[in-house]
1. Which value, in debye to the nearest 20, describes the size of the charge dipole of the chain about its Cα centre when Lys and Arg Cβ atoms bear +1, Asp and Glu Cβ atoms bear -1, and nothing else is charged?
2. Between ARG138 and VAL39, how many nm apart are label points set 7 Å from Cα along the C-beta direction?
3. Taking the Cα-to-Cβ direction at ALA89 and at ALA26 and moving 7 Å from each Cα, how far apart do the two end points lie in nm?
4. What order, most packed first, do the peptides 94-102, 156-164, 13-21 have when packing is the mean number of other Cβ atoms within 10 Å of each residue?
5. Rounded to the nearest 5, what % of DSSP beta bridges with both residues in the chain are antiparallel?
6. Which value, to two decimals, describes the C-alpha radius of gyration of the stretch 20-111 once divided by 2.2 N^0.38 Å?
7. On alpha-carbon atoms, Rg over Rh for the chain using Kirkwood Rh?
8. Take the alpha-carbon centre of the stretch 63-125, take the same for the stretch 15-48, and report the distance between them in whole Å.
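The values are calculated or read from the model by the stated rules, or taken from the named source; none is laboratory data. Remember, predicted model here, so these are calculated numbers, not experimental data. Positions of Cβ are backbone-derived with ideal geometry, glycine not excepted, and every protein chain shown enters the neighbour counts. For the accessible areas, the whole protein counts, side chains as well, though only heavy atoms, and no ligand, DNA or RNA atoms are used. Shrake-Rupley method; radii C 1.70, N 1.55, O 1.52, S 1.80 Å.
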Amino acid sequence: MTPAPPSGRLTVITGPSGVGKGTLVARLLDRHPAIWLSVSATTRAPRPGDVDGVHYFFLERHQFERQVQDGGFLEWAAFAGNLYGTPRAPVEARLSAGRPVILEIELEGARQVRSSFPQAQQLFIAPPSLSVLEQRIRGRGTDTEAAILRRLERARVELEAAEEFDAILVNDNLEEALVALEAQMGLAPA
Ligand code: ADP
Ligand code: 5GP
């Protein structure tokens with residue numbers, strides 16, 4: 001019998017915009033370089049500091065729609081007026097090479113992955129409160145007032161769905177949240 005091919009663990013990280021997912025995941029990758037973070041495609045405009053191909057693949061809407069039609073996304077969703085999707089091939093390549101993979105995606109995408117990859121671990125990052133979340137989004141200083149309001153409205157919906165996840169981690173103190181994330185993922189603290 002041929003042995004089963006190596007298969008890395010897939011972890012989905014979801015939580016409202018501004019809760020600190022990007023910050024937490026960046027620290028996690030610093031500490032555990034074997035983990036591979038999927039680079040999503042999006043139709044949103046780059047923010048200052050966003051690098052094409054590093055933070056996102058920035059696509060025109062018609063390019064994104066073509067990739068949807070071609071089955072090129074593992075999941076995709078509309079969020080706050082833009083489209084976001086996980087390119088399928090790079091994720092499948094890393095998983096079959098045995099690497100742990102993280103997807104940092106919003107709720108609808110997490111739900112799609114739950115049906116296509118039921119074995120994936122699904123973690124939800126929650127803020128200590130809605131007012132702290134609002135302070136963080138505003139403090140980041142990257143979104144227009146209209147975008148901030150859309151993100152806060154969406155945050156309420158996402159927070160109501162937190163119980164669907166395998167675990168809820170509150171990002172109050174960053175270091176403590178990071179240690180909790182490592183524990184959930186079964187990683188020894190670095
Ligand atoms: P997300 O990726 O979830 O949209 P970010 O990682 O961009 O969120 O974080 C939003 C803002 O909150 C950033 O300015 C970040 O520095 C800040 N932040 C993240 N985690 C914490 C924390 N535990 N305490 C205070 N500020 C935080
Ligand atoms: P932002 O515009 O702040 O970078 O991201 C907005 C939201 O889109 C965040 O909740 C983020 O997790 C989510 N997101 C980023 N990439 C993807 C993706 O590939 N698929 C889905 N469904 N959501 C994504």
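1. That gives the chain a dipole magnitude of about 300 debye.
2. 3.5
3. 2.9
4. 13-21, 94-102, 156-164
5. Antiparallel: roughly 30 percent of the beta bridges in the chain.
6. Rounded to two decimals, the normalised Rg is 1.08.
7. Here the Rg-to-Rh quotient is 0.95.
8. After rounding, the separation between the Cα centres reads 13 Å.
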